[in-house]
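All remarks here apply to the structure that follows.
Taken together, the values in this text are just the output of simple stated rules run on the coordinates, not laboratory data. This structure is a prediction, so every number in the text was calculated from the model and none was measured. Virtual Cβ from ideal backbone geometry, glycine too; neighbours counted across all protein chains shown.
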């Protein structure tokens with residue numbers, strides 16, 4: 001895409017698919033906030049304890065900012081840098097669910113930026129639960145090329 005980036009208002013007006021996605025995301029975020037507020041009120045009314053409320057805040061923060069080891073991403077959410085002089089080309093780097101979600105909202109369709117070298121030249125990767133090495137994700141490839149351990153894939 002040539003030229004300067006479009007503003008949100010222009011993007012919402014011109015692109016009906018993005019507008020639907022944006023309204024859906026907005027509705028989801030509002031629902032999340034109402035749910036969170038309801039939890040705060042419930043904990044405060046049931047316990048009357050500021051400590052219980054603080055504990056809830058910490059638990060919600062930890063759960064939302066954890067590395068993405070979920071049924072959808074059993075090996076975590078890892079990326080490899082394609083810049084061979086960057087250390088992340090060997091070790092890869094993880095992202096939390098929130099980091100990846102935030103990136104997708106603002107940079108949909110773009111590659112993730114490497115936090116080490118700063119280049120936007122990365123690919124999705126898998127991390128082996130057995131040997132700990134990271135390799136480039138390819139469709140249908142479920143075996144670690146280093147130790148030949150079969151990667152755990154979510155059921156469903």
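Things to note:
- Least to most buried among 37, 116 (fewest other Cβ within 10 Å first): 37, 116
- Computed from the C-beta positions of residue 98 and residue 45 and an R0 of 25 Å, the FRET efficiency is 0.30 to the nearest 0.05.
- Estimated FRET transfer efficiency when R0 is 35 angstrom, pair residue 25-residue 90 (beta carbons, to 0.05): 0.50
- Shown for 110, 99: other C-beta atoms within 10 Å of each C-beta, ranked fewest to most, produce the order 110, 99.
- Residue 124/residue 57 FRET efficiency (R0 35 Å; Cβ-Cβ; nearest 0.05): 0.65
- Residues 101, 85, ranked from the fewest to the most other C-beta atoms within 10 Å, line up as 85, 101.
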